[in-house]
Amino acid sequence: MRSRPFLVVGAALVSFSHIARAQSGDRLAGGLRAGDYVRISGGVTTPVNPQGSLKDWSTGTGLNVGWENWQQGGTGVGRLGISINLSYTLLPLDESQFLSDFTPIQGAKPTSAHASDAGILELATNLRLRIPSPLIIPTINFGVGFMNWMPATIDYNSPTGAGSAKQRHRSGAELTIGGGVERHLVDRYGVFAEAVYAYGFTSIGQGSAAPGGVCGTNSCDVLKNTSIATLRGGVSVRVR
């Protein structure tokens, strides 16, 4: 008879431990739980082996907003998640590169130039493969999407007068690959950092063009694709 209270207490403790384990999520998921997440991050983007008009722009900053979903697996959170990401990056003009590339149709070679930042808009769907780990979540990411390269009009000055050169927009499909680490901290919130390489098939159209000028070496070449690398960090919030 005296053993019954101990049996009841023992059963309650076992039941409580199962509930706690279920609430805490997979112990090899770095605090990750199944559900939907919103991810917001910022970082720096740099052209990789720049070709065509991309040569005339340097490293800039960007913002990324995404939605992500992880399903429940057999022993915890699933290993594969999906996400949709929208990114916008601003690249400042590389004045020295442009001045070396560009020669006006008439007049002397420019001595100075300025422009608004060029923009890169990306919309991509990603698969995120997580590697089991108790403290952080290492991930490998693969994506497909759309890239829109939007260079700005470049105004220049030369000894014989001022002028401008307009670089054409280019757009096309993109492939991305990357990796990152993240950790879910308290309640619904986590932090992460990731590196992403994107290759945009933006080869329809041409780079730096008239009015008012012709192109120097390679800056007007047609059939040039766009490749960029991004390093960013941010926060994630579980919304459901």
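The values are calculated or read from the model by the stated rules, or taken from the named source; none is laboratory data. All of these numbers come straight from a predicted model, not from anything done at the bench. Cβ atoms come from the backbone with ideal geometry, glycine included; neighbour counts cover every protein chain shown.
Scan region 154-171 and tell me whether some residue there is of a type in the set (S, T, N, Q), touching a Lys or Arg at 6+ places or on another chain (Cβ under 8 Å) and at pLDDT 85 or above.
Scanning region 154-171, I find at least one residue that is of a type in the set (S, T, N, Q), touching a Lys or Arg at 6+ places or on another chain (Cβ under 8 Å) and at pLDDT 85 or above, so the answer is yes.
I need the full set of residues from region 191-224 which are surrounded by fewer than 18 Cβ atoms within 10 Å (Cβ to Cβ) and at pLDDT 70 or above, in order please.
V191, A193, A195, Y197, Y199, F201, S203
For region 82-148, please list each of the strands (runs of 3 or more DSSP E) lying entirely inside it that holds at least 3 residues being touching an Asp or Glu at 6+ places or on another chain (Cβ under 8 Å) and buried (at least 16 other Cβ atoms within 10 Å of the Cβ).
Result: 118-130.
Determine which member of the set L127, L123, L54 is under 24 Å from V196 (Cβ atoms), within 13 Å of the chain's Cα centre (by Cα) and among the aliphatic types (A, V, I, L, M).
Going through L127, L123, L54 in turn, the sole match is L123.
Which one of these is at pLDDT 95 or above and among the acidic types (D, E): E95, E182, E122?
Going through E95, E182, E122 in turn, the sole match is E122.
Within region 121-136, can one find any residue that is more than 21 Å from L231 (Cα to Cα) and charged (D, E, K, R)?
No, there is no match, as no residue in region 121-136 is more than 21 Å from L231 (Cα to Cα) and charged (D, E, K, R).
Which count do you get for residues in region 26-79 that are at pLDDT 90 or above and over 14 Å from V239 (Cβ atoms)?
Final tally of qualifying residues: 16.
Going through region 151-190 one residue at a time, which ones are crowded, with 16+ Cβ neighbours inside 10 Å, without any contact (Cβ under 8 Å) to a residue 60 or more places away in the chain and over 25 Å from T46 (Cα atoms)?
Of everything in region 151-190, those that are crowded, with 16+ Cβ neighbours inside 10 Å, without any contact (Cβ under 8 Å) to a residue 60 or more places away in the chain and over 25 Å from T46 (Cα atoms) turn out to be S158, G163.
Taking Y37 and the conditions (1) outside any strand (DSSP E or B); (2) in contact (Cβ under 8 Å) with a residue 24 or more places away in the chain, which numbered condition does it fall short on, given that it satisfies the others?
Y37 satisfies every listed condition except (1).
D187: in a loop (DSSP other than H, G, I, E, B) and modelled with pLDDT of 50 or more, yes or no?
yes
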